[in-house]
Every structure is written in structure tokens, then in C-alpha cells.
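Coordinate-derived values only; no laboratory data. Since the model is a prediction, treat every value here as computed from it, not as a measurement. Positions of Cβ are generated from backbone atoms using ideal geometry, with glycine treated the same way; all protein chains shown enter the neighbour counts.
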Amino acid sequence: MMLTPQFHTLSSDDLLLRVLPYRLNALDIMVLVLNHAAAWGGERPMEVHVNGKLKFTGNTNFLINPVIEAGILHTRALLEFLGLRVTKRMRLAEVKKRRAADDAGIERLVVAGVRLKMVSVLKVLYEFPGSVTEDPAGVEDLLVGALVSANKGVAHLTDPYDPVHLVVIRQAALLTRQLVDEHVYRAAGLSPPVQIVREVA
């Protein structure tokens, strides 16, 4: 029996307190895993313990692959939420002003009576402080690389394409995190969500 999905409109509180922190956490986890994966230099044996008991054995790909793929998709979702997309010519562009009725975008957020606005490409490339790269072309390359990876490498089955280096994916995730922190939370006068996953030395 097929169940018909039931939809409800996400409120500003839903987005700010639950949905966006969940997606940002996925980016934080991906960056953390990529930091370690670079040091490992290849797959390594891995054990997963739950409540102190060994539950799974395998290698680090058991963790790395799904975390990266999920992180790439969450990166795309957050960039689209801000109002950004990639064109067929591989350029960063703004999403259409009129989204689908069930698309939750930044312009849905109303905080203290003020409605937030979509983020423009010019603002991302030239006005954003504290970027992981000061070069506008570099910023565009990072975000386009992440969007293409999500579209071609994870979300759809496509013909082979030149994969984007994981360094680009990591930097794009960091930049996306900064963009959401700045244009959503700080713009609304709120503190950005804290990273909830901690690494053990």
C-alpha cells in the first residue's frame, strides 16, 4: 500500500531551530571526517561501538563515503535555500524569484517582523567577509564545484564526469556554513548553531 506524503508549511522557528541546524551539522561532520580522511591517506580498519559495545567492523569507507555524500547534498540544499544555483554554463546564479510553493527558502524567514532576503551572487563573491578564499573566482569555483558534485555525482545517475576534488568539497562546505551563519542567523540577530560533534584526540 502506498502512503501519500503529508506536507506542512515550515515556520521560521522550524527552520531556524530544527531544519537548518540539522543540515549545518551534516556539513560540520563532513568537514571533520574529511580532515581525518586526508591524514589517513586511504582506507583504514574501523570499529563502531555503541554504549561501549562493539556493533560493526569494517574500514573507514564505511564512515567516509556516506558522510561525504550526505554532506554534499546538504551543501546543495543550503545554497539553494539561500537563493543560489548553478547554470548549465557552470556559473553561479540566483534561483528564480518565484519558487515552487513547497520550497522553503530564506525569504520565508521572518524575524522580529523583518523578512530575510535571498542572497545575491554579487554579495557572495564580493561582499562576504571572512571567506575561505578572497578571490571571487575562487569562491564561485568552490560553490559551483559543490553544486555540480551534488547534481551529477550523488543526486542523479549521469554519464561520467570529472569529479571534484575533496579539498573543494571541504572548502565549499566551510563557505556554505559561513554564508548561512552570516546571512541567516546573524542577519536575524541570532547566534549560529554550535557544532555538536566533537573529535577525540
- Top positive-direction residue, dipole computed over the chain with Cβ charges, set Leu10, Met30, Thr87: Leu10
- Task: Order these peptides, 100-113, 177-190, by their mean beta-carbon neighbour count within 10 angstrom, highest first.
- Result: 177-190, 100-113
- What residues have an amide H closer than 5 Å to that of Met46, excluding those fewer than 5 places away on the same chain, when H is modeled at 1.01 Å from N in the peptide plane? Gly58, Asn59, Thr60
- Figure the gain on full extension for Ala100 and Thr9 (residue separation times 0.36 nm, minus the Cα-Cα span) and round it to one decimal in nm. 31.5 nm
- Extension reserve of the Arg18-Ala188 stretch, reckoned as 0.36 nm per residue once the Cα distance is removed: 59.6 nm
- Item | region 1-96: chymotrypsin sites (Phe, Trp or Tyr not before Pro) in DSSP loop, at most 11 other beta carbons within 10 Å | Phe7
- Multiply the residue gap between Glu69 and Lys53 by 0.36 nm, knock off their C-alpha separation, and tell me the result in nm, one decimal place. 3.0 nm
- Note on the structure: For the chain, averaging the sequence separation of alpha carbon pairs under 8 Å that lie six or more residues apart and dividing by its residue count, the contact order in percent is 24
- Item | Overall Cα dimensions of the chain - principal axes, largest extent first, Å | 50, 42, 40
- Farthest toward the dipole's positive end in region 12-186, which of Asn51, Leu142, His183, given Cβ charges of +1 (Lys, Arg) and -1 (Asp, Glu) about the Cα centre? His183
- Item | Counted charge near Ala26, where neighbours are those whose Cβ lies closer than 12 Å (Asp, Glu -1; Lys, Arg +1) | +1
- Task: Using Cα positions and a limit of under 18 Å, work out the aspartates and glutamates in reach of Lys96, with same-chain residues fewer than 8 apart set aside.
- Result: Glu80, Glu107
